[in-house]
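**Student:** Below is a structure I'd like to ask you about.
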Amino acid sequence: MRILAVIGGLTIIVAIAAAVFFFGGFYSVAGTQEDASIVTWALTRVRTASIDRHAKDEPPPSINEPASVQAGAKAFAALGCPTCHGGPGVSWAKFSEGLHPDPPDLKEVVDGLAPAQLFWVVKNGINMTGMPSFAQAGAKDDEIWSIVAFLKKLPSVSEADYKAWTTSAAPEAGK
């Protein structure tokens with residue numbers, strides 16, 4: 001019984017110390033401050049588990065059709081995705097270097113993600129990363145699925161193809 005009392009007491013002390021540390025402002029939330037490895041590990045695990053649990057939508061049959069991929073490239077460009085993620089022949093915007101965590105290079109991560117996972121992330125966004133919900137920004141499911149179609153082909157898309165597919169998607173000056 002004494003051991004349980006000691007464990008309970010230590011648990012209370014640790015909880016109070018953690019509350020003072022976090023709520024007292026001692027933990028830095030500055031974007032220039034590297035997260036402790038345990039924080040990075042925990043946030044990555046939580047993000048991955050959440051996406052795995054919620055990403056259940058089935059892709060449409062048209063996901064591999066060239067028209068869908070091209071429409072997705074156009075939507076990707078029009079919605080400003082290259083600003084943070086770049087694109088074939090398109091550099092990331094300078095401010096994206098200040099985002100924490102860094103936006104992923106999509107060419108390097110899309111092969112490891114299922115279409116349903118990509119759809120869920122684009123549709124819902126990811127809290128505390130700068131990744132917005134494009135559904136809340138007005139994108140419809142069919143447009144998001146076309147972006148997913150493009151993303152799944154992204155590693156093999158040439159600069160010339162991307163430019164041809166997105167030329168009319170570039171925002172006009174002054175708008």
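The values are calculated or read from the model by the stated rules, or taken from the named source; none is laboratory data. Bear in mind the structure is a predicted one, so any value in this text is a computation, not a measurement. Here the Cβ positions follow ideal geometry from the backbone for every residue, glycine too, while neighbour counts run over all protein chains shown. Protein only, heavy atoms only, side chains kept; ligands, DNA and RNA dropped before computing areas. Shrake-Rupley method; radii C 1.70, N 1.55, O 1.52, S 1.80 Å.
**Student:** Among the residues that make up segment 11-28, is at least one of them of a type in the set (Ser, Thr, Tyr), more than 30 Å from residue 143 (Cβ to Cβ) and touching a residue at least 60 places away in the same chain (Cβ under 8 Å)? Before the answer, list the steps.
**Tutor:** As a first pass, look at segment 11-28 and keep what is of a type in the set (Ser, Thr, Tyr): 11, 27-28.
This time we only want the ones that are more than 30 Å from residue 143 (Cβ to Cβ), so: 11, 27-28.
Next, from what is left, pick out any that are touching a residue at least 60 places away in the same chain (Cβ under 8 Å): none.
No, segment 11-28 has no match at all.
**Student:** Please state which one of 50, 68, 37, 28 is touching a strand residue (DSSP E or B) at 6+ places or on another chain (Cβ under 9 Å) and over 18 Å from residue 105 (Cβ atoms). Walk me through how you get there before you give the answer.
**Tutor:** Working: 68 fails: touching a strand residue (DSSP E or B) at 6+ places or on another chain (Cβ under 9 Å); 37 fails: touching a strand residue (DSSP E or B) at 6+ places or on another chain (Cβ under 9 Å); 28 fails: touching a strand residue (DSSP E or B) at 6+ places or on another chain (Cβ under 9 Å).
The match here is 50.
**Student:** Which members of segment 8-58 meet the condition of being within 18 Å of residue 124 (Cβ to Cβ) and over 19 Å from the mean Cα position of the chain (by Cα)?
**Tutor:** Selection gives 58 alone.
**Student:** Residue by residue through segment 145-160, note down the ones that are touching a residue at least 60 places away in the same chain (Cβ under 8 Å) and open to solvent by less than 70 Å² (accessible area, probe 1.4 Å).
**Tutor:** Listed by number, the residues that qualify are 145, 146, 147, 148, 149, 150, 151, 152, 154, 157, 158.
**Student:** Hey, any hits in segment 105-115 for a residue that's open to solvent by 60 Å² or more (accessible area, probe 1.4 Å) and either touching an Asp or Glu at 6+ places or on another chain (Cβ under 9 Å) or farther than 20 Å from residue 64 by Cα (or both)?
**Tutor:** No, that holds for no residue.
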